1. What are the pairs with Cβ atoms under 7 angstrom where one residue, in the stretch 55-77, is more than 15 Å from residue 30 (Cβ to Cβ) and the other, located anywhere, is assigned to a helix (DSSP H, G or I) and of a type in the set (Phe, Trp, Tyr)? Sequence gap at least six, or different chains.
2. Of the conditions (1) touching an Asp or Glu at 6+ places or on another chain (Cβ under 8 Å); (2) open to solvent by 30 Å² or more (accessible area, probe 1.4 Å); (3) at pLDDT 95 or above, residue 8 fails just one. Which one is it?
3. Looking at the stretch 1-30, I want the residues that are farther than 13 Å from residue 48 by Cα and have a partner that is open to solvent by 70 Å² or more (accessible area, probe 1.4 Å) and assigned to a helix (DSSP H, G or I) with Cβ atoms under 6 Å, at least 6 apart or on another chain. Which pairs are those?
4. Can you name the residue in the stretch 14-67 that is among the charged types (D, E, K, R) and in a helix (DSSP H, G or I) and is also most open to solvent (accessible area, probe 1.4 Å) among such residues?
Amino acid sequence: MDFQLLQAKIKAAAMDAFERVRNQYPGQSFCGYALYSDADAITVCPAVNSTDNLNNMIAGDPEDASYYRWSPGEWDHEFEGAEYFAEISNLLFNEAKGMKPVESVRNFKSVAWQRLIR
């Protein structure tokens, strides 16, 4: 797999997804942007959090402020713009599907994310 190409596709998809959310909610102030994956490293999904949502979540449960700040699953625009990542997720799925030994899949997941987060 060409990880440089994959990284470029992810960057472009992220920029498009985040821009879409900003344009769709022009009155909101945003404080968090994230990409996350499933346990098998075969999907990439975006998440965006608004300052209002973060403040409301923290007000309701101040002891878990760090959790709400860093957990994209709690963000108010989680998965919005995911359609920009469809091709990427298909590429990752097909790459993993073609691997037969379980060890090859484990190695792929490890190597893929180490290379992408650089």
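The values are calculated or read from the model by the stated rules, or taken from the named source; none is laboratory data. What you see is a predicted model; the values in this text were computed from it and never measured. In this analysis, Cβ positions are derived from the backbone assuming ideal geometry, glycine residues included, and neighbour counts consider all displayed protein chains. Heads up: the accessible areas ignore ligands, DNA and RNA and are worked out on the full protein's heavy atoms, side chains in. Shrake-Rupley method; radii C 1.70, N 1.55, O 1.52, S 1.80 Å.
1. 58/68
2. Checking residue 8 against (1) touching an Asp or Glu at 6+ places or on another chain (Cβ under 8 Å); (2) open to solvent by 30 Å² or more (accessible area, probe 1.4 Å); (3) at pLDDT 95 or above, the one that fails is (1).
3. What qualifies is 3/115; 13/84.
4. Within the stretch 14-67, the first condition is being among the charged types (D, E, K, R), and the residues that meet it are 16, 19-20, 22, 38, 40, 52, 61, 63-64.
Those left that are additionally in a helix (DSSP H, G or I): 16, 19-20, 22, 52, 63-64.
Details: 16: 78, 19: 77, 20: 74, 22: 87, 52: 102, 63: 170, 64: 67 Å².
Step by step, filter the stretch 14-67, then rank; the result is 63.
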